[in-house]
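Written out below as structure tokens is the structure these notes cover.
The values are calculated or read from the model by the stated rules, or taken from the named source; none is laboratory data. Keep in mind that this is a model prediction, so the values were computed, not measured. Backbone-built Cβ (ideal geometry, glycine too); neighbour counts: all protein chains shown. Protein only, heavy atoms only, side chains kept; ligands, DNA and RNA dropped before computing areas. Shrake-Rupley method; radii C 1.70, N 1.55, O 1.52, S 1.80 Å.
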Amino acid sequence: MTTLEDFYFGNVNPSEYNQGRDTKKKLSEMAKLLDEFRSIINSEQQKEKLEQIEGCQLSLIALSEKDAYIEGFKLGVKIATEIYTES
């Protein structure tokens with residue numbers, strides 16, 4: 001099956017990829033810091049605000065990854081176009 005066929009049939013999901021070692025390390029560090037921070041905040045208002053910040057951060061990351069994927073795809077098409085149009 002070709003890549004285009006895989007993509008058509010939903011076998012390719014560009015948002016799923018293997019994270020590198022450095023990314024996994026930073027994610028682990030971030031989770032640990034968040035857990036530590038949660039343990040020192042004491043009011044419900046502070047905890048609620050932290051949840052709002054985390055939700056906003058996750059949305060921002062998702063939007064950023066989407067934009068990077070789109071720009072990367074466009075760049076790939078431009079490169080492929082140049083390859084086939086150069087003499």
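If we keep just the residues of the range 37-64 that are open to solvent by 90 Å² or more (accessible area, probe 1.4 Å) and acidic (Asp, Glu), which is nearest to ASN13 (Cα to Cα)? Filtering the range 37-64 for residues that are open to solvent by 90 Å² or more (accessible area, probe 1.4 Å) and acidic (Asp, Glu), the one nearest to ASN13 (Cα to Cα) comes out as GLU51.
Of a type in the set (Ser, Thr, Tyr), closer than 21 Å to VAL77 by Cβ and assigned to a helix (DSSP H, G or I): does that describe SER64? It is true that SER64 is of a type in the set (Ser, Thr, Tyr), closer than 21 Å to VAL77 by Cβ and assigned to a helix (DSSP H, G or I). Of all residues assigned to the range 62-72, none qualifies as being touching a Phe, Trp or Tyr at 6+ places or on another chain (Cβ under 8 Å), at pLDDT 90 or above and of a type in the set (A, V, I, L, M).
If you take the residues in the range 1-47 that are part of a helix (DSSP H, G or I) and among the polar types (S, T, N, Q), which one is farthest from the chain's Cα centre (by Cα)? Ranking the qualifying residues of the range 1-47, first place goes to GLN45.
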